[in-house]
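A short write-up of the structure that comes next.
The values are calculated or read from the model by the stated rules, or taken from the named source; none is laboratory data. This one's a predicted model, so the numbers in the text were calculated from it and none came from an experiment. Cβ coordinates were reconstructed from backbone atoms using ideal geometry, including for glycine residues, and neighbour counts include every protein chain displayed.
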């Protein structure tokens, strides 16, 4: 067989390895892997992230979640409504009803309730709920873009936003929890104070409760000073904490029916004002500097109540 082969003519020269051929082959493998990975990612997202149905009615936009998911963390700006839906952060434009998915980003499977104020909407994303490597993300309603802000470690509270300041409670992989913040326009994160709690912010003033029943602590970012807020606490678990200007509004309730109380106090001291008491099934309150709103249960169902600011001498709370 060797003789026959040699008789067909001169032996073919050995083909030299081509670096160009190897590079092209490597690029092809990489491109195929990237395409398959991207396809798998989009398939996974299409299965795990199902946007709600949006329909216009005579009373406004009707938003219905699918697959038994719940909305949480409703945040309202002039441009639209933001919320968490399962693992998603979603944005509904109120002018035309267009729905946009803002998160989570690639590689992230968990999000936390968003917070909004004016231009910015901030939320957290992580690979899993108990991750030590969550990150803060911001959506700019003026530019229509989202971008990562900073690593926040292990999340211990939802964010709160006022202007370009965001605050939250988190703990690094090694270290105790602390109240942290950042300025969205630039700069890294900073520690407001050590401690555990869910902070609220108004301008450069931050307030948080040191436990589920209080008491409260305030901190001024410009000076770095902090002080305890003297307030009459009726007892029971905090149901909500809101800050506007230098007025703090909160709700407290125990498991006993009719134990809910909505109160307000100045962070600079003074008497605590009781806005509502003997409330059953208290939720909230929310406060924008003018009106306090909360939810409660009655014999006929549930209702939303509102009270004007000032409270002393103001008309009694009314149902909405």
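A few comments on the model shown:
- Which listed residue is touching a helix residue (DSSP H, G or I) at 6+ places or on another chain (Cβ under 9 Å) and either assigned to a loop (DSSP other than H, G, I, E, B) or buried (at least 16 other Cβ atoms within 10 Å of the Cβ) (or both), from 51, 106: 106
- Checklist (1) buried (at least 18 other Cβ atoms within 10 Å of the Cβ); (2) at positive phi; (3) modelled with pLDDT of 90 or more applied to residue 144, failing item: (1)
- Residue that is nearest to residue 144 (Cα to Cα), among those in segment 74-94 that are touching a strand residue (DSSP E or B) at 6+ places or on another chain (Cβ under 8 Å) and part of a loop (DSSP other than H, G, I, E, B): 79
- Some residue of segment 295-311 being in contact with a strand residue (DSSP E or B) (Cβ under 6 Å, 6 or more places away or on another chain), surrounded by 13 or more Cβ atoms within 10 Å (Cβ to Cβ) and outside any strand (DSSP E or B): yes
- Among the candidates 142, 100, the residue that is part of a strand (DSSP E or B) and assigned by TED's automatic domain parsing to the domain that holds residue 191 is uniquely 100.
- When residue 203 is tested against (1) surrounded by fewer than 14 Cβ atoms within 10 Å (Cβ to Cβ); (2) under 21 Å from the mean Cα position of the chain (by Cα), only condition (1) is not met.
- Test: residue in segment 163-172 that is farther than 28 Å from residue 81 by Cα, outside any loop (DSSP other than H, G, I, E, B), modelled with pLDDT of 95 or more and out of contact with any helix residue (DSSP H, G or I) (no Cβ under 7 Å at 6 or more places or on another chain): no
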